[in-house]
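Q: Mind looking over this structure? Questions follow.
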Amino acid sequence: MATNITVKSPNGESTIYDVSKNDIINVKKGDYVFVPEQSTSLDLQVVDGSLSIKFPDGNNVLVKNVVNLITENSAIDSNGLMDKLDITAISFLDENGDFKEVDFFDKLLALIEDSASGNQVQSINYVDDSTLDFTNKLNIDENSNESTRLRSSIDSVNFEDNGTTDIVANVAPVLILDSNKTVDEDGTTKINFTASDSDGIITSINVTAQNGTVVINNDGTITYTPNKDYNGQDTITVTVTDDDGATTTQTSTITVNDVNDAPTLEVETTKTVDEDGSTTITFSASDVDGTVSTTAVAEHGTVVVNNDGTITYTPDANYNGKDTITVTTKDDDGATVTKTSAITVNDVNDAPTLEVETTKTVDEDGSTTITFSASDVDGTVSTTAVAEHGTVVVNNDGTITYTPDANYNGKDTITVTTKDDDGATVTKTSAITVNDVNDAPTLEVETTKTVDEDGSTTITFSASDVDGTVSTTAVAEHGTVVVNNDGTITYTPDANYNGKDTITVTTKDDDGATVTKTSAITVNDVNDAPTLEVETTKTVDEDGSTTITFSASDVDGTVSTTAVAEHGTVVVNNDGTITYTPDANYNGKDTITVTTKDDDGATVTKTSAITVNDVNDAPTLEVETTKTVDEDGSTTITFSASDVDGTVSTTAVAEHGTVVVNNDGTITYTPDANYNGKDTITVTTKDDDGATVTKTSAITVNDVNDAPTLEVETTKTVDEDGSTTITFSASDVDGTVSTTAVAEHGTVVVNNDGTITYTPDANYNGKDTITVTTKDDDGATVTKQVQ
């Protein structure tokens, strides 16, 4: 197994050696330092805690980090020394940073000897690559003056100049400390101490306390303050360290005397409450070293200290103004603290007082009085009362008169309210029991009634019972009565009876109480109505007529009969028949109502159902009867055609002309050409059942003169100073004609052969116009021109 040995210089350079048994590392003469790497966690302990190695030439070799050369498995004896030193690496360097050379063998590395006796006290042997064996005990206490030498074996550590080195033990610092001290709780005290080091200086002083704080003063004292409210034992530990790292520790025992802490108290400083009210004031009381009790008093009220950190304050009755609550808290050592709370009690009106008789009994439909008393300590009062099922009157003598509602029984409550002159009220109730008392039923009956002989009538009545149900019966002396469910009594006098009668009506409730009323009846003497029988059905054609048979009589007199129909006329005949004629063109159902009346005015009515059969009606036609028109003119004749039970079509013809039937109710008539004289237009209308109606219109065609006709040759050419003939024809259908002609630039002659001779003016040439005129014997003319 090999181990790595790293040799470092102060300037950071390093060399790593792979070392096994029997390997040699040469290190130059000079100081060297053991520096561990990746090594240990326990201290190498000689008595004084550190080891100083010196060479004879004055150069030092310091084992500085001895603590880190020891691993956790290093054996430590009862004197604090160890048997083996386990290492993983050792570096050697001198004061200049140069590397040292060291020979490692598996035998003695070094001897530590007493410098005075020369006896070997410790040997360091190489065990393996990671272990040095301390075979003997090194015991150098802090007071020893002896020096020891580290002697290098030629087989173990070979320096260039072998020699011995003194090992001088560092003297631990001296610490003198007050061993005990007493201080009161929440106080402070000082502990005296001195610390020195005979072979160096004190580099640090560390002071701790378990239950307090400590301060190191410049005057060689330590100020100790126990934790707030702490009492009991405490320990101050003081450790001093010299410049070689040696430490000395001493302790001082502190007794902290128990001192009672006054309790603390916080109270709500102000509060407002209404007169005769109450309020709570919050407070908190405590004691760091015990328990507390709290009490409170008030000048003008009572106080209760509650467990929830509140004080309930109730001012004296009717008190208002300022008050002070004084609160005191005392701990179990008798220490107290007192605080006050300023209370403002607002002035509040005092409600009035009211006492009312709480229960009362009264009979149904009776009355009773309830006593009450009402007052107000700071004013006057008024009292009112109401009841749910009755009326109440507040009397001036301190009583209330109660009257239950009519017929009411059961429970009732009177609510009594008293109000003072500031508007404050107080309400009390009185429970009323209204005893049930049977009420007789009530009955109201129509007192008089008149009915005709052999007739009937109804008499109204109402019967009830406020506290039960009722049944009603009735009897009559000269008739029969029926009590109906609708509050009426039907009375029928005996047959043919007339005169006075009395109906006696009795109502009884379910407790047997009864009430009776009467109604006076007058039965009038009544005439007997006549009798009438009428044929009940009849059929007749439209626009026809029929007879209905009837018979009418009266046992005690004579009768007269009348009849009416809805869609026709009727005649009552003396032979016991009625003649019925339906309205023109009506068909369908009709009813004849026949009434017979006797000489006392009594009547009887019967009806007969009539069926009017549908019969086709011929259409109707109206035509303008005469018309005049000029020869060769035209005219319109108005007409109207209809059918009550269908549609119609109309045609027309004329003897000496043509006719057109227009959709607007007119007929256009045009006489034949040149005809004049009399003519007739025959107009016929036919309905959709084929029935027809014909009317005529007499037409006069006035004679009108016809203008003559003239035809003339329209153009003609002739040489200058020559002549020519123009042909023409002239006639008149209703007379004779004469023809004349003129020219603008020549002469014309109308010849009898139907020609006109034209001779232009001498030497004329150019255009000329001949104007030819024919006139009939009525003076009508026609004119043509020849160019």
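The values are calculated or read from the model by the stated rules, or taken from the named source; none is laboratory data. Remember, predicted model here, so these are calculated numbers, not experimental data. Backbone-built Cβ (ideal geometry, glycine too); neighbour counts: all protein chains shown.
Q: Among the residues of segment 559-569, is there at least one that is more than 30 Å from residue 699 (Cα to Cα), touching a Gly at 6+ places or on another chain (Cβ under 6 Å) and surrounded by 19 or more Cβ atoms within 10 Å (Cβ to Cβ)?
A: No: segment 559-569 contains no residue that is more than 30 Å from residue 699 (Cα to Cα), touching a Gly at 6+ places or on another chain (Cβ under 6 Å) and surrounded by 19 or more Cβ atoms within 10 Å (Cβ to Cβ).
Q: Residues of segment 595-641 being under 19 Å from residue 569 (Cβ atoms) and in a loop (DSSP other than H, G, I, E, B), which ones?
A: 615, 617
Q: So residue 676 clears everything in (1) under 30 Å from residue 778 (Cβ atoms); (2) modelled with pLDDT of 95 or more except one condition, right? Which one?
A: Only one criterion is unmet by residue 676, namely (2).
Q: Continuing with the same structure: Every residue in segment 242-284 that is part of a strand (DSSP E or B), of a type in the set (D, E, K, R) and closer than 30 Å to residue 173 by Cα, please.
A: Hit for segment 242-284 is 242, nothing else.
Q: Let me ask something else. Looking at 761, 703, 734, which is the one that is buried (at least 16 other Cβ atoms within 10 Å of the Cβ) and at negative phi?
A: 734
Q: Further, regarding this structure: I'm trying to understand the selection: among the residues of segment 714-731, which are closer than 17 Å to residue 783 by Cα and surrounded by fewer than 16 Cβ atoms within 10 Å (Cβ to Cβ)?
A: Within segment 714-731, 714, 715, 727, 729, 731 qualify.
Q: Given the conditions (1) crowded, with 18+ Cβ neighbours inside 10 Å; (2) hydroxyl-bearing (Ser, Thr, Tyr); (3) at pLDDT below 95, which single one is not true for residue 635?
A: For residue 635, the exception is condition (3).
Q: How many residues does segment 418-440 contain that are part of a strand (DSSP E or B), within 48 Å of the chain's Cα centre (by Cα) and not β-branched (Val, Ile, Thr)?
A: Residues that pass the stated criteria total 5.
Q: How many of the residues in segment 224-248 are modelled with pLDDT of 95 or more and loosely packed, with under 15 Cβ neighbours inside 10 Å?
A: Qualifying residue count, segment 224-248: 2.
Q: Inspect all residues belonging to segment 683-695 and state whether any of them is over 30 Å from residue 542 (Cα atoms), of a type in the set (S, T, N, Q) and surrounded by fewer than 14 Cβ atoms within 10 Å (Cβ to Cβ).
A: no
Q: Can you tell me which residues in segment 613-628 are modelled with pLDDT of 95 or more and surrounded by 14 or more Cβ atoms within 10 Å (Cβ to Cβ)?
A: 621, 622, 623, 624, 627
Q: Among the residues of segment 646-687, what is the count of those that are without any contact (Cβ under 8 Å) to a residue 24 or more places away in the chain and part of a strand (DSSP E or B)?
A: Count: 5.
Q: Next question. Residue 370 fails exactly one of the following numbered conditions: (1) in a loop (DSSP other than H, G, I, E, B); (2) at pLDDT 95 or above. What is the number of that condition?
A: Of (1) in a loop (DSSP other than H, G, I, E, B); (2) at pLDDT 95 or above, only one is false for residue 370: (1).
Q: Continuing with this model, one more query. Based on this model, can you work out whether residue 584 counts as exposed (fewer than 14 other Cβ atoms within 10 Å of the Cβ), in the same structural domain as residue 557 (by the TED database) and not charged (D, E, K, R)?
A: For residue 584, the condition - exposed (fewer than 14 other Cβ atoms within 10 Å of the Cβ), in the same structural domain as residue 557 (by the TED database) and not charged (D, E, K, R) - is met.
Q: Here's another thing I want to ask about it. Looking at segment 287-308 only, could you name the residues that are touching a strand residue (DSSP E or B) at 6+ places or on another chain (Cβ under 6 Å), at pLDDT below 95 and outside any strand (DSSP E or B)?
A: The answer is 287, 290.
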